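Written out below as structure tokens is the structure these notes cover.
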Amino acid sequence: MKSESVAPREQERTMRLQRELVRLAGRLAAMAALLWLVFGVLFGLCAMPNDQMSPRLYAGDLILYYRQIRTLHDRDVVVARADGETVVARVVARGGDTLEITGGTLRVNGSTVFENEIFYSTDAYEGGTTYPLTLEQDEVFLLCDHREGAKDSRWFGPVTTHDVKGKVITVLRRSRL
């Protein structure tokens, strides 16, 4: 008699465990889909690859950027793909703008751009981009904040808006021990 009552209880426990496992698998799948949506479609994460944006950003800082940008504005800091590398730089000119870099000065559409928070001169690179340069409608010109020796649009030229991965929205500092 006891063996007959144990079998249904064991079966019930096994079925309950199976239901719980199916629920867990469903929750894990929903969580994976949500993470893919958040970090694969809406936002992106990357580590700052170098110190070319110092003193604002340093190598190793974790950057959160928004992928669904509609328009870019001057002074936006963006993550882009250029010259086979990930580049973090500031937009200084957009489609239709004409820019010129001479004598350590940046001029956009004939006006000198004064950048109070940039502490380095903006010099053109020999063998790099030639000036004056008029950007196509789907192009942006990117400059790093640490202008001396930075690998930016002065080196590889304008970047298409298609190659811009997103606009930086926040930075998580790494520990600077």
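Some values worked out for this structure:
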item: Diffusion constant of segment 26-131 at 20 °C, which comes from Stokes-Einstein with the Kirkwood Cα-pair radius and 1.002 mPa s, µm²/s; result: 130 µm²/s
item: Amide proton proximity set for ALA47, modelled H, under 5 Å, gap of 5+; result: ILE63
item: Computed FRET value (nearest 0.05) for THR86 with THR112, which takes r as the C-beta separation and R₀ as 22 Å; result: 0.10
item: Residue-normalised accessible area of the chain, given per residue in Å² at a 1.4 Å probe; result: 62 Å²
item: Mean Cβ neighbour count within 10 Å, used as a protection proxy, ranking 131-137, 75-81 highest first; result: 75-81, 131-137
item: Separation of alpha-carbon centers, segment 103-117 and segment 23-45, rounded to whole Å; result: 44 Å
item: Chain lengthening between ARG67 and ALA7 when straightened (0.36 nm per residue, less Cα-Cα); result: 16.0 nm
item: Local electrostatic count at SER111 - Lys and Arg +1, Asp and Glu -1, tallied over other residues with Cβ under 12 Å; result: -2
item: At R0 = 35 Å, FRET efficiency that the Cβ-Cβ distance of THR14 and VAL38 yields, to 0.05; result: 0.45
item: Angstrom value of the Kirkwood radius, inverse mean 1/r, which spans all Cα pairs in segment 1-67; result: 16.3 Å
item: Highest average packing first - 97-106, 158-167, Cβ atoms within 10 Å; result: 158-167, 97-106
item: At R0 = 30 Å, FRET efficiency that the Cβ-Cβ distance of THR170 and TYR125 yields, to 0.05; result: 0.45
item: The chain, accessible surface, carbon-and-sulfur percent (1.4 angstrom probe); result: 55 percent
item: Nearest-20 debye value, the chain charge dipole, Cβ charges on Lys, Arg, Asp, Glu; result: 1300 debye
item: Cα-Cα separations in segment 107-174 greater than 18 Å, expressed as whole percent; result: 48 percent
item: For segment 137-177, Kirkwood radius (reciprocal of mean inverse C-alpha pair distance, Å); result: 12.4 Å
item: Karplus-derived 3J(HN,Hα), 6.51/-1.76/1.60, for each residue of segment 10-24, Hz, glycine and proline x; result: 5, 5, 5, 5, 5, 5, 5, 5, 5, 4, 5, 5, 5, 4, 4
item: Simple Cβ-charge dipole of segment 47-139, Lys/Arg +1 and Asp/Glu -1, about Cα centre, in debye nearest 20; result: 320 debye
item: Residue-wise HN-Hα coupling along segment 49-56, computed from phi with Karplus coefficients 6.51, -1.76, 1.60 (Hz; x: Gly, Pro); result: x, 7, 9, 6, 10, 5, x, 6
item: Segment 97-177: relative contact order in percent, alpha carbon pairs under 8 Å with at least 6 residues between; result: 25 percent
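The values are calculated or read from the model by the stated rules, or taken from the named source; none is laboratory data. Since the structure is predicted, the reported quantities are computational estimates derived from the model, not experimental observations. Here Cβ is always computed from backbone atoms with ideal geometry, including for glycine, and neighbour counts include all displayed protein chains. Remember, those area values only see protein heavy atoms, side chains included, never the ligands or the DNA or RNA. Shrake-Rupley method; radii C 1.70, N 1.55, O 1.52, S 1.80 Å.
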